[in-house]
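J.: One structure, as structure tokens, below. Some questions next.
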Amino acid sequence: MEFVGAADPSYRRARPPGPGAGPGAGAAWAGRVRVAVWALPALLVAYAGFRRRWMSDDAYIYVRTVRQVLAGNGPVFNAGERVESSTGTLWQWLLVGTGGAGADPASAAVFGGLLLTVAGFALAGIGALRTYGGRAAVPLGSLVLLGLPPVWDFATSGLETGLVTCWIAGAWLALTARPSSLATSALIGLGPLVRPDLGLVTVVFLGAQWLLVRPSWRGALAGAGAAGALPAAYEVFRAGYYGHLVPLPAVTKEASRSLWGRGLGYLGDFAHPYLLWVPVLIVLVLIVVAPFLPEAVAVPGPRGSGAARLVPALAPVVAGVLCWVYVVKVGGDFMHGRMLLPGLLLMLLPVFVVPATRAGTLAAVGVGLWAVVCAGWLRIPYGAEIGPAGIADERGVYVRHNADPHPVRHTFAGAPHHLEYVRRVAAARRSGAPVLLSGKEGRAAADPDSAGPTASYVVLGLNGAVVPLDGAALDPIGLAYPLAAHSERVGSGRVGHDKRLPAAWLVADRGVGAPDWVDRDEVEAARRALRCGGLAELDGAVRGRLTVGRFLRNVAGAWDRTAFRFPNDPVRAERELCG
């Protein structure tokens with residue numbers, strides 16, 4: 001189906017000749033070379049990703065939600081508490097689908113992510129190849145990605161990164177191949193469901209699509225409807241079911257704040273160790289110099305003139321820059337390089353492969369040499385540890401913690417503090433559902449309202465894996481615990497880990513008697529605060545019985561509820577909320 005009134009029918013070009021097109025062995029050889037240009041990078045990332053396969057703790061946050069859905073408890077982290085702990089909505093539901101088909105969710109997360117990464121590399125190569133028609137081409141941008149160890153690491157990890165790679169490449173290919181198709185609009189519109197921040201890419205790509213097609217107003221409305229139907233429907237569901245406008249981790253991490261200094265540090269942590277300026281400089285020289293050489297070919301851009309040539313080339317670059325600006329603005333991330341990879345892929349899409357001109361071939365050789373050096377010798381200075389800025393080689397940390405080069409199943413054989421916590425939870429399950437407080441060396445208080453153990457631990461994926469589905473796996477940071485998520489930041493901890501809910505709140509919230517190692521005055525103040533103002537409304541939104549009226553009230557109050565914050569100190573919170 002096409003946009004009504006598409007104004008540029010000439011853009012529906014015939015596809016370039018496939019492998020083996022044309023007479024003679026020369027054409028067949030050229031076809032095989034073209035296949036190799038996009039297939040070999042995809043195979044190489046498959047090999048590198050498989051060699052470094054692993055499962056991050058955050059991926060186990062997805063897995064617990066998937067297990068809850070399959071158990072009939074709904075898309076929640078803890079039964080009876082409507083919390084959206086999964087940042088990548090579409091990834092969560094893909095894992096639910098594979099789990100429903102009988103696959104193990106953890107294995108599906110690791111190997112499904114790898115397959116999607118490979119598909120993304122292949123789609124990016126095909127998209128770049130078709131922009132140059134039947135010309136011979138050499139890989140360039142793909143070599144930059146292949147040289148970077150974080151790309152190998154996050155080809156698996158169990159997170160949504162593989163889906164991000166596949167969606168970005170697939171949306172760009174669709175934009176260049178069939179810009180007037182409503183299916184292209186629908187695909188581009190999925191960005192916010194892949195990751196909320198990829199809404200930036202959706203907006204840029206939809207703008208590029210409009211510039212390419214210049215549809216009538218009916219066509220524009222049809223395209224907007226195709227792009228926005230599913231994200232809008234899910235947003236209504238999110239507001240009514242969860243009572244929030246964004247996933248809870250976005251509230252926890254204060255996704256609208258500005259921490260430019262920390263963000264620039266995160267960018268430097270990624271760029272400096274790998275001398276990333278080297279391939280960037282080579283690519284820029286190619287783009288500037290190539291048009292002036294005798295065999296000049298427009299680099300980059302599809303055939304044609306004007307918007308048809310420039311828009312598909314500039315759109316991913318603009319989107320990639322915006323993604324990087326946003327990541328820097330919010331202070332980066334605690335995983336080395338992870339949040340910068342989508343923006344880098346976007347900026348490299350137009351030169352993922354380039355024509356095999358003299359300039360293109362020299363650039364490919366230069367970037368290839370850098371990639372070999374980077375892959376073989378360049379590493380981050382803090383190794384398999386957490387660096388001084390709180391940024392970590394996350395895979396290296398879990399390799400060390402599990403004493404396993406491929407930690408897909410976490411045993412924590414090399415992390416006694418985590419292993420001890422696992423043993424404490426196991427003992428709690430046998431002894432009758434206590435509340436466990438992180439850092440209290442096994443001290444607990446009975447929770448008569450919990451069917452299973454209620455355990456609070458800062459490592460949420462681990463906690464969700466060891467606490468049974470009928471128990472409550474809480475975290476003082478607030479990635480899946482709404483009370484902690486809506487508390488104010490308490491310091492300058494790691495990015496996304498700078499909230500800490502005192503034990504008094506947990507004791508008050510779970511309705512247990514105050515142990516002697518928790519301040520009783522703080523517990524009483526917290527109990528009173530929980531019955532007042534925004535905290536009482538928050539409790540009703542996420543724990544109240546979901547009726548039609550509750551759903552509508554959740555939708556109506558979603559904006560204010562998402563923005564609500566309360567003081568970390570129980571006494572001050574009671575004073576402000578209760579008057």
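The values are calculated or read from the model by the stated rules, or taken from the named source; none is laboratory data. Please read all numbers here as calculations on a predicted model, not as lab measurements. Here the Cβ positions follow ideal geometry from the backbone for every residue, glycine too, while neighbour counts run over all protein chains shown. All accessible areas refer to the heavy atoms of the entire protein, side chains included, with ligands and DNA or RNA removed. Shrake-Rupley method; radii C 1.70, N 1.55, O 1.52, S 1.80 Å.
J.: Need pairs with beta-carbon distance below 8 Å; first residue without any contact (Cβ under 8 Å) to a residue 40 or more places away in the chain and within the range 34-47, second not in a helix (DSSP H, G or I); sequence gap 6+ or separate chains.
T.: If the second residue must be not in a helix (DSSP H, G or I), the pairs left are 35/19.
J.: Go over the candidates 103, 108 one by one and state the one that is out of contact with any strand residue (DSSP E or B) (no Cβ under 7 Å at 6 or more places or on another chain), open to solvent by 10 Å² or more (accessible area, probe 1.4 Å) and not in a helix (DSSP H, G or I).
T.: Exactly one of 103, 108 is out of contact with any strand residue (DSSP E or B) (no Cβ under 7 Å at 6 or more places or on another chain), open to solvent by 10 Å² or more (accessible area, probe 1.4 Å) and not in a helix (DSSP H, G or I), namely 103.
J.: Confirm whether residue 514 is in a helix (DSSP H, G or I) and either small (Gly, Ala, Ser) or surrounded by fewer than 16 Cβ atoms within 10 Å (Cβ to Cβ) (or both). Even if it seems obvious, please write down each step before you answer.
T.: Values: in a helix (DSSP H, G or I): no; either small (Gly, Ala, Ser) or surrounded by fewer than 16 Cβ atoms within 10 Å (Cβ to Cβ) (or both): yes.
Judged against the criteria, residue 514 is not a match.
J.: Here's a follow-up. Given the conditions (1) assigned to a helix (DSSP H, G or I); (2) touching a residue at least 40 places away in the same chain (Cβ under 8 Å); (3) of a type in the set (Gly, Ala, Ser), report the number of the one that residue 343 does not fulfil.
T.: Among (1) assigned to a helix (DSSP H, G or I); (2) touching a residue at least 40 places away in the same chain (Cβ under 8 Å); (3) of a type in the set (Gly, Ala, Ser), residue 343 violates only (2).
J.: Where in the range 350-450 are there strands (runs of 3 or more DSSP E), lying wholly inside it, with at least 2 residues that are open to solvent by 10 Å² or more (accessible area, probe 1.4 Å) and at pLDDT below 85?
T.: 444-446
J.: What are the residue pairs meeting all of these: first residue in the range 377-405, first residue free of Cβ contacts under 8 Å to residues at least 12 places away in the same chain, second residue open to solvent by 30 Å² or more (accessible area, probe 1.4 Å) and assigned to a loop (DSSP other than H, G, I, E, B), Cβ atoms under 6 Å, and 6 or more apart or on different chains?
T.: 403/413; 403/414
J.: Sort out which residues of the range 57-82 are open to solvent by less than 10 Å² (accessible area, probe 1.4 Å) and basic (Lys, Arg), and write them in order of number.
T.: Hit for the range 57-82 is 64, nothing else.
J.: Against the definition (among the hydrophobic types (A, V, I, L, M, F, W, C) and touching a residue at least 24 places away in the same chain (Cβ under 8 Å)), how does residue 556 come out, yes or no? Let's see the steps before the verdict.
T.: Working: among the hydrophobic types (A, V, I, L, M, F, W, C): yes; touching a residue at least 24 places away in the same chain (Cβ under 8 Å): no.
The answer is no for residue 556.
J.: Mind counting the residues in the range 240-267 that are of a type in the set (Ser, Thr, Tyr), over 12 Å from residue 495 (Cα atoms) and either open to solvent by less than 50 Å² (accessible area, probe 1.4 Å) or outside any loop (DSSP other than H, G, I, E, B) (or both)?
T.: Here the count works out to 2.
J.: So which residues in the range 536-550 are open to solvent by less than 60 Å² (accessible area, probe 1.4 Å) and in a helix (DSSP H, G or I)?
T.: Answer for the range 536-550, where residues must be open to solvent by less than 60 Å² (accessible area, probe 1.4 Å) and in a helix (DSSP H, G or I): 536, 538, 540, 541, 542, 549, 550.
J.: While we're here: Anything in the range 174-187 that is crowded, with 22+ Cβ neighbours inside 10 Å, in contact with a Ser or Thr (Cβ under 7 Å, 6 or more places away or on another chain) and in a loop (DSSP other than H, G, I, E, B)? List them, or say none.
T.: Listed by number, the list is empty, since nothing qualifies.
J.: Further, regarding this structure: Which of the residues spanning the range 478-511 are without any contact (Cβ under 8 Å) to a residue 60 or more places away in the chain and part of a loop (DSSP other than H, G, I, E, B)? I'd like the intermediate steps shown before the answer.
T.: At the first step, the residues of the range 478-511 found to be without any contact (Cβ under 8 Å) to a residue 60 or more places away in the chain are 483, 491-492, 498, 509.
Hits for the range 478-511 are 491, 492, 498.
J.: Just name the residue that is farthest from residue 183 (Cα to Cα) out of those in the range 215-231 that are of a type outside the set (Lys, Arg) and surrounded by fewer than 14 Cβ atoms within 10 Å (Cβ to Cβ).
T.: 217
J.: Hey, any hits in the range 291-299 for a residue that's at pLDDT 95 or above and among the β-branched types (Val, Ile, Thr)?
T.: Looking only at the range 291-299, we keep the residues that are at pLDDT 95 or above, and these are none.
No, that holds for no residue.
J.: Same structure, new question: Report whether or not residue 317 is at pLDDT 95 or above, among the hydrophobic types (A, V, I, L, M, F, W, C) and under 24 Å from residue 175 (Cα atoms).
T.: Taking the combined requirement at face value, the residue satisfies it.
Here is a yes/no grid of residues against (1) at pLDDT below 95; (2) buried (at least 24 other Cβ atoms within 10 Å of the Cβ); (3) charged (D, E, K, R):
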residue: 134; (1), (2), (3): yes, no, no
residue: 141; (1), (2), (3): no, yes, no
residue: 157; (1), (2), (3): no, yes, no
residue: 164; (1), (2), (3): no, yes, no
residue: 168; (1), (2), (3): no, yes, no
residue: 172; (1), (2), (3): no, yes, no
residue: 189; (1), (2), (3): no, yes, no
residue: 200; (1), (2), (3): no, no, no
residue: 206; (1), (2), (3): no, no, no
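J.: When residue 123 is evaluated against the numbered criteria (1) assigned to a loop (DSSP other than H, G, I, E, B); (2) closer than 30 Å to residue 378 by Cα, which criterion, by number, is the only one it fails?
T.: Answer for residue 123: the failing condition is (1).
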